[in-house]
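The values are calculated or read from the model by the stated rules, or taken from the named source; none is laboratory data. None of these values were measured; they are calculated from a predicted model. We place every Cβ from the backbone using ideal geometry, glycine too, and count neighbours over all the protein chains shown. Protein only, heavy atoms only, side chains kept; ligands, DNA and RNA dropped before computing areas. Shrake-Rupley method; radii C 1.70, N 1.55, O 1.52, S 1.80 Å.
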Amino acid sequence: MAVNYREIDKSHVWHPLFQHQSLNDSDLTVFKSADGCIIVDDEGKEYLDAYSALWNVNVGYGRQEIVNAVYDQMKELPYYPHSQINVPATQLAEKLASVLPGDLNHVYFCNSGSEANETAIKIARQYGKLTYPDQNRYKIISRYQGYHGFTFGAMSATGQVVRRKAFEPLVPGFHHAHPPYCHRCPLGLEYPSCNVACVEEIERMIRAEGAETVIAVIAEPIIGGGGIIDPPDDYFPRLREICDDYGLLLILDEVITGFGRTGKMFACEHWDVQPDIMTMAKGLTSGYLPLGACVTSTEVFNTFLGSPEEKREFSQVCTYGGHPAACAAGVANLEILQTERLWENAEKVGKYLFDKLSTLKSMPIVSDVRGKGLMIAVELCEADGSRLKTKKTNKISGQLKENGLIVGKIGHAIEEDENILHIAPPLILSEVEADTIHDILRDVLLKQ
Ligand SMILES: Cc1ncc(COP(=O)(O)O)c(C=O)c1O
């Protein structure tokens with residue numbers, strides 16, 4: 001008799017962000033296999049995965065090179081802590097330093113995006129104590145709608161209020177500015193006459209808090225889960241300037257945007273802005289194994305140097321940080337990205353898909369299409385232009401899945417109706433597959 005995995009799952013598994021009572025009315029899908037951009041469920045039904053699983057399978061499914069690299073490494077040395085050297089971690093760190101902008105060249109490995117941001121926050125706080133011993137710099141500014149992870153520090157930086165409420169009070173010292181969400185500007189202004197007031201707000205916050213109490217700003221170059229919010233081109237250059245003026249570290253969270261997603265290897269390259277610290281995960285291994293990293297500039301790294309008696313070293317250990325098998329996956333993944341120049345495909349096919357999806361704006365239910373590369377939002381609205389009701393958006397995403405297309409959507413992020421579809425397919429997407437995404441989406445929207 002076939003094993004009923006749904007029943008076992010229902011009895012024993014607790015899924016993320018999920019109301020288990022709804023399993024009385026509908027089932028979750030059992031996914032069994034995948035290749036390229038296509039995933040297959042236990043009944044053999046195929047879906048075009050236009051969400052790269054969870055924004056992360058950048059090189060696509062079924063990459064034997066990554067499987068082989070992990071297998072070989074597991075046979076040779078499955079694990080040893082990163083208190084000593086292992087070869088794949090060293091190779092991956094060197095490779096990262098060679099592709100990262102500027103002097104981002106010191107890599108601290110961990111297991112996830114949350115841990116990478118947790119690490120960045122702690123590096124920033126310790127850097128504050130070391131660099132400004134006569135001040136009390138610990139505060140960090142982030143943005144509403146931004147997401148940085150589920151651990152307490154990263155969640156405190158997160159600006160998705162719905163995800164935070166149940167766990168408050170959070171870590172002290174985190175302050176949130178409004179995001180550069182031009183389509184529904186939270187400040188009620190319009191670009192460019194606004195003079196990018198949302199970034200100037202960050203400077204005002206620094207002054208109001210007292211610069212001698214603030215150590216960093218953390219931001220996603222393009223807000224991902226909070227609705228794919230890509231800033232005007234002058235936002236990040238100005239933010240860099242503000243951080244420099246007040247002696248703050250700029251932490252860029254490239255967990256989603258890194259490794260080709262937006263049409264550049266890293267999204268900060270769109271504006272020629274180098275952060276002091278960059279965090280990454282997802283596309284670092286394309287999800288084949290868990291791995292995160294926090295990379296700092298030479299200046300940040302050197303701040304932690306000193307004699308043992310001074311105790312300046314970064315005060316954190318992570319058992320599985322730099323795991324040899326995960327790093328071997330990372331090396332093989334990066335080789336694929338570089339050999340196939342997948343960021344270029346993301347730019348080319350992304351533009352093709354963006355242009356096609358933009359034609360949907362002629363439909364009354366689509367209020368905006370935005371994004372960069374293969375990171376595209378389709379924002380839905382009611383007839384009066386207000387946000388489409390959450391229930392209707394959820395229904396549409398369900399219908400897309402029934403029709404063989406998986407997309408993401410904003411969820412558990414904002415108090416208002418959640419009305420934004422996220423399209424972020426693997427970076428190997430072809431134009432034919434882009435047509436399929438457009439056609440299924442158009443047909444489902446036409447029926448609303
Ligand atoms: C921008 C960003 N940062 C951090 C995280 C947290 O990563 P993880 O889920 O691997 O902890 C995510 C996860 O989606 C993310 O989108």
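Observations
- Alpha carbon centroid spacing (whole Å) that separates segment 372-440 from segment 93-143: 33
- Averaged over its residues, segment 64-339 has an accessible area of 41 Å² per residue, based on protein heavy atoms and a 1.4 Å probe.
- Lys, Arg +1 and Asp, Glu -1 on Cβ, resulting dipole of segment 64-339 about Cα centre, debye, nearest 20: 800
- The gain in end-to-end length when the MET74 to GLU310 segment is fully stretched comes to 81.1 nm, 0.36 nm per residue minus the alpha carbon separation.
- Taking packing as the residue-averaged number of other Cβ atoms within 10 angstrom, the listed peptides 296-303, 404-411 run from highest to lowest as 404-411, 296-303.
- Residues whose amide H comes within less than 5 Å of that of SER112, counting only those at least five positions distant or on another chain, are GLY292 (H built at 1.01 Å from N in the peptide plane).
- The alpha carbon radius of gyration of segment 245-368, expressed as a multiple of 2.2 N^0.38 Å, is 1.38.
- Relative contact order %, segment 64-339, counting alpha carbon pairs below 8 Å whose residues are six or more apart: 30
- Order of exposure, largest accessible area first, which applies to VAL366, VAL107, VAL3 with probe 1.4 Å: VAL3, VAL107, VAL366
- Highest-first arrangement of 45-51, 393-399, where packing means the average Cβ count within 10 Å: 45-51, 393-399
- Cα centroid separation - segment 1-70 against segment 270-336, whole Å: 29
- Of all accessible heavy-atom area on the chain, the percent that carbon and sulfur account for (1.4 Å): 53
- Amide H partners (placed H, <5 Å) of ALA216, local residues excluded: ILE141, LEU249
- Computed on the Cα atoms alone, the convex hull of segment 323-417 gives a volume of 143 cubic angstrom per residue.
- Among ALA197, ALA326, ALA383, the largest mean-square fluctuation in a Gaussian network model of the chain, built with springs joining Cα atoms closer than 10 Å, belongs to ALA383.
- Cα-only radius of gyration and Dmax that characterise the chain, units Å: 21.9, 70
- Highest mean packing first, where packing is the average number of other Cβ atoms within 10 Å per residue, the peptides 161-174, 82-95, 57-70 line up as 57-70, 82-95, 161-174.
- q = 0.21 Å⁻¹: log10 I(q)/I(0) that the Debye formula gives for segment 110-153, counting C-alpha atoms only: -0.74
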